[in-house]
Amino acid sequence: MRSMDRFGIWVLAILSVIQSSFGFYLPGSYPHKYEVGDYLNVKVNSLTSIETEMPFSYYSLPFCKPTEGIKDSAENLGELLMGDRIENSPYRFKMFKNESEIFLCQTDKLSADSFKLLKKRIDEMYQVNPMLDNLPAIRYTKKDGYVLRWTGYPVGIKVQDVYYVFNHLKFKVLVHKYEEAANVARVMGTGDAAEVIPTVGKKDSDVPGYMVVGFEVVPCSFAHNGESTKKLKMYERYTTPIKCDSSSVSMSVKEGQSIVFSYEVSFEESDIKWPSRWDAYLKMEGSKVHWFSILNSLMVITFLAGIVLVIFLRTVRRDLTRYEELDKEAQAQMNEELSGWKLVVGDVFRAPSNASLLCVMVGDGVQILGMAVVTILFAALGFMSPASRGTLITGMLFFYMILGIAAGYVSVRLWRTIGCGDHRGWMSVAWKAACFFPGIAFLILTTLNFLLWGSHSTGAIPFSLFVILLLLWFCISVPLTLIGGYFGAKAPHIEFPVRTNQIPREIPAQKYPSWLLVLGAGTLPFGTLFIELFFIMSSIWMGRVYYVFGFLFVVLILLVVVCAEVSLVLTYMHLCVEDYKWWWKSFFASGSVAIYIFIYSINYLVFDLKSLSGPVSATLYLGYSLFMVLAIMLATGTVGFLSSFWFVHYLFSSVKLD
């Protein structure tokens, strides 16, 4: 019932926004009206670091705890898989009430273990990630005349073998005056859940209200007088002024010493409107580089398209036209003088080795490619914004499971096509399609999860979530794949235009290994995406927000075109040298791009993630990279195989060579 209410609220909100021509509100994030004096509660996400890639709970360090106890926020499936653990914090403000020298707490004296752990987290450059009204705290720094934006702030810093902790925070909250839109205001809620906003007083109340449109933080290290804070209670004012200077540090960390935490907050009215409050986080960096990536891809496509046109218009079409103009006697004589691809007419559709595995990989590739296209399209349209954490991963899982029908259908129908319509074994193929890629992914994630469990990281998937994932796999994905396989078994198979000889033809000796050419073909698809790949890797491993999904969607389309062209050209080249074993080679001609992506991942680890420390962190990085390149190989290989299959079928159905 609650989900239906939410669905109704979503529909009403979208329709109302369209009708009233106000700013577009990203789904999953609604403006919340705060009146002057209302409490604003700051939440904290997991501690993160680009050095270890292992998130930890905020309260794993000796920080101040809220008086009401630590409470976890409701998290969706995507947040849990990404290692997000959002908890309440003791920091709280009153709307439009500037406050300074606010005493938060004085911790117990640091034990040897706490002191060691705090030093370790500072060495590993862990970041604290506060959030206010679903907005992460943003920090600005200047370097070489440039202003850099960061989310969160470091736990501390090491200066000349002395460790300092940032124990005083200077917050600035940007607010915008609330403008109530008819038909929309009463269905608006926070980013955590949709809720009805109660009106104060009369319907057209003039009570001023504000929306949070910015949240900034400046961390400082300030040495408090521990003796003067012993009698202070939480949220009382500190007895002496606190000067927050981010360029100097003074609160050193020592074993057996307590730490005093404090903060200040100021409010500033801003012209930023609610729909634009994420611009500071989503501001596109290097737009010229993205355009260069697209132009580079277009050049590769144009080059390959020229080769394809030469093959079709000047070679294939010429041969077919000459053949059709001859009479039957001349055709018979020509058949005796055939050369090149015409010689393999009796073997070109001979079943490949490990045909069932090929069918399964193609089916899984269709499923992964379909998931990528739909997910990126929805993200480009704004339906999966970073304001709704975890929706991107959740959406990917949802679309992947639904597209299990496509995986089963393609796998089984291709299996029946290779078997010339034979129904036997279709159930086995459908089962393999349902378990092949998810099984490998589950094995990789389980292995990596044991490493995270051993490190007590919040990035470890809880056992309960493992059970949920298994239920989603076997109760939704597998049945849908089997249903798709059933429809694939009922659908008519694709008939081959020529008969296959009983005795296979001997393939002439080649001047060069054919697989060498196949592996080299992956460089062209890699050339279309390597620039965009840098931004994606930076988003995943360096905590930068990636939201240029429009560019990514264009690059994905260009990648599909290049993969199809590369595989088609390679298949034609193999047929011309009388190599009829094109099935697997057409798959790996475009799928070999995954090899270069994995090599790029290793290069990124060595040169861009120099600070990544420890074998566990490197293993996690390589494990997730292996998972990524496996999915890319299946998707790109499927594009290459299907384009080659169409080409070969079209080529040999255009002329009767029997």
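Among the numbered criteria (1) open to solvent by 40 Å² or more (accessible area, probe 1.4 Å); (2) under 14 Å from the mean Cα position of the chain (by Cα); (3) among the β-branched types (Val, Ile, Thr), which one does Val548 miss?
(1)
Based on this model, can you work out whether Thr500 counts as modelled with pLDDT of 90 or more and either β-branched (Val, Ile, Thr) or at positive phi (or both)?
Spelling it out, it is not the case that Thr500 is modelled with pLDDT of 90 or more and either β-branched (Val, Ile, Thr) or at positive phi (or both).
Looking at Ala509, is it under 27 Å from Leu414 (Cα atoms) and either open to solvent by 20 Å² or more (accessible area, probe 1.4 Å) or at pLDDT 85 or above (or both)?
Here the answer is no, as Ala509 does not meet what is asked.
Taking the condition part of a helix (DSSP H, G or I) and within 15 Å of Leu358 (Cα to Cα), does Phe437 pass?
Criteria met by Phe437.
Return a yes/no flag: does the range 138-159 have any residue that is of a type outside the set (Ser, Thr, Tyr), open to solvent by 20 Å² or more (accessible area, probe 1.4 Å), touching a Ser or Thr at 6+ places or on another chain (Cβ under 6 Å) and at pLDDT 90 or above.
Checked the range 138-159: no residue is of a type outside the set (Ser, Thr, Tyr), open to solvent by 20 Å² or more (accessible area, probe 1.4 Å), touching a Ser or Thr at 6+ places or on another chain (Cβ under 6 Å) and at pLDDT 90 or above.
Please go through the range 106-127 and pick out each residue that is open to solvent by 20 Å² or more (accessible area, probe 1.4 Å) and within 37 Å of the chain's Cα centre (by Cα).
Listed by number, the residues that qualify are Asp113, Ser114, Phe115, Lys116, Leu117, Lys119, Lys120, Asp123, Glu124, Met125, Gln127.
Return the pairs, sorted by first residue and then second, in which the second residue is modelled with pLDDT under 90, the first residue lies in the range 361-389 and is of a type in the set (D, E, K, R), the beta carbons are less than 7 Å apart, and the residues are 6+ apart or on different chains.
If the second residue must be modelled with pLDDT under 90, the pairs left are Arg389/Glu79; Arg389/Asp84.
Of the conditions (1) under 30 Å from Leu148 (Cβ atoms); (2) outside any loop (DSSP other than H, G, I, E, B), Pro525 satisfies every one except a single condition; which number is it?
With respect to (1) under 30 Å from Leu148 (Cβ atoms); (2) outside any loop (DSSP other than H, G, I, E, B), Pro525 is out only on (1).
Inspect the range 365-378 for any residue being open to solvent by less than 20 Å² (accessible area, probe 1.4 Å) and on the phi > 0 side of the Ramachandran plot and give the result as yes or no.
No.
Among the residues of the range 420-434, are any in contact with a Lys or Arg (Cβ under 7 Å, 6 or more places away or on another chain) and without any contact (Cβ under 8 Å) to a residue 24 or more places away in the chain?
Yes, some residue in the range 420-434 is in contact with a Lys or Arg (Cβ under 7 Å, 6 or more places away or on another chain) and without any contact (Cβ under 8 Å) to a residue 24 or more places away in the chain.
Sort out which residues of the range 628-654 are touching a residue at least 40 places away in the same chain (Cβ under 8 Å) and surrounded by fewer than 17 Cβ atoms within 10 Å (Cβ to Cβ), and write them in order of number.
Ser653, Ser654
Could you check how many residues of the range 512-522 are assigned to a loop (DSSP other than H, G, I, E, B) and exposed (fewer than 12 other Cβ atoms within 10 Å of the Cβ)?
Adding up the residues that qualify gives 2.
In the range 438-451, which residues are in contact with a Gly (Cβ under 9 Å, 6 or more places away or on another chain), touching a residue at least 40 places away in the same chain (Cβ under 8 Å) and open to solvent by less than 30 Å² (accessible area, probe 1.4 Å)?
Ile444, Leu448
Take Leu529 and tell me if it is of a type in the set (A, V, I, L, M), out of contact with any Asp or Glu (no Cβ under 8 Å at 6 or more places or on another chain) and at pLDDT 85 or above.
When the stated conditions are applied, Leu529 does not pass them.
Which condition from (1) outside any helix (DSSP H, G or I); (2) out of contact with any Gly (no Cβ under 7 Å at 6 or more places or on another chain); (3) more than 30 Å from Trp584 (Cβ to Cβ) is the one that Asp422 breaks?
Of everything listed in (1) outside any helix (DSSP H, G or I); (2) out of contact with any Gly (no Cβ under 7 Å at 6 or more places or on another chain); (3) more than 30 Å from Trp584 (Cβ to Cβ), Asp422 misses just condition (3).
Can you tell me which of Phe103, Phe56, Phe93 is touching a residue at least 60 places away in the same chain (Cβ under 8 Å), among the hydrophobic types (A, V, I, L, M, F, W, C), surrounded by 19 or more Cβ atoms within 10 Å (Cβ to Cβ) and within 30 Å of Tyr624 (Cβ to Cβ)?
Phe56
Go through the range 59-84 and give me each residue that's assigned to a loop (DSSP other than H, G, I, E, B), of a type in the set (A, V, I, L, M, F, W, C) and buried (at least 19 other Cβ atoms within 10 Å of the Cβ).
Within the range 59-84, Leu61, Phe63, Cys64 qualify.
Need pairs with beta-carbon distance below 8 Å; first residue farther than 30 Å from Ala406 by Cα and within the range 491-520, second open to solvent by 100 Å² or more (accessible area, probe 1.4 Å) and at pLDDT 85 or above; sequence gap 6+ or separate chains.
So the pair list comes out as Ile507/Lys581.
What's the total number of residues in the range 432-465 that are hydrophobic (A, V, I, L, M, F, W, C) and in contact with a Ser or Thr (Cβ under 8 Å, 6 or more places away or on another chain)?
Selection size over the range 432-465: 4.
Considering each residue of the range 539-583, count those that are among the aromatic types (Phe, Trp, Tyr) and more than 30 Å from Ile138 (Cα to Cα), and give that number.
The total comes to 4.
From the set of residues in the range 266-278 that are within 34 Å of the chain's Cα centre (by Cα) and not charged (D, E, K, R), which is surrounded by the fewest Cβ atoms within 10 Å (Cβ to Cβ)?
The residue in question is Ser276.
If Gly454 satisfies all but one of (1) surrounded by fewer than 15 Cβ atoms within 10 Å (Cβ to Cβ); (2) under 15 Å from Val410 (Cα atoms), what's the number of the condition it fails?
Condition (2) is where Gly454 drops out.
Is it fair to say Tyr263 is modelled with pLDDT of 85 or more, under 29 Å from Ala112 (Cβ atoms) and under 41 Å from the mean Cα position of the chain (by Cα)?
So Tyr263 passes the test.
For the range 235-248, which residues satisfy the criterion of being open to solvent by 50 Å² or more (accessible area, probe 1.4 Å) and either of a type outside the set (S, T, N, Q) or closer than 27 Å to Leu117 by Cα (or both)?
Tyr235, Glu236, Arg237, Pro241, Lys243, Asp245, Ser246, Ser247, Ser248
Exactly one condition in (1) more than 22 Å from Met125 (Cα to Cα); (2) open to solvent by less than 60 Å² (accessible area, probe 1.4 Å); (3) under 20 Å from the mean Cα position of the chain (by Cα) is not met by Ser539; state its number.
So Ser539 meets the others, but not (1).
Looking at (1) of a type outside the set (A, V, I, L, M); (2) in a helix (DSSP H, G or I); (3) closer than 29 Å to Leu80 by Cα; (4) touching a residue at least 12 places away in the same chain (Cβ under 8 Å), can you tell me which one Phe398 breaks?
Condition (4) is where Phe398 drops out.
Find the residue count for the range 566-594, including only residues that are in a helix (DSSP H, G or I) and either open to solvent by 30 Å² or more (accessible area, probe 1.4 Å) or within 15 Å of Leu529 (Cα to Cα) (or both).
The qualifying residues number 9.
The values are calculated or read from the model by the stated rules, or taken from the named source; none is laboratory data. All values reported here derive from a predicted model rather than from experimental measurement. All Cβ positions, even for glycine, are placed from backbone atoms using ideal geometry, and neighbour counts span all protein chains on display. In case anyone asks, the SASA skips ligands and DNA or RNA and just uses the protein heavy atoms, side chains included. Shrake-Rupley method; radii C 1.70, N 1.55, O 1.52, S 1.80 Å.
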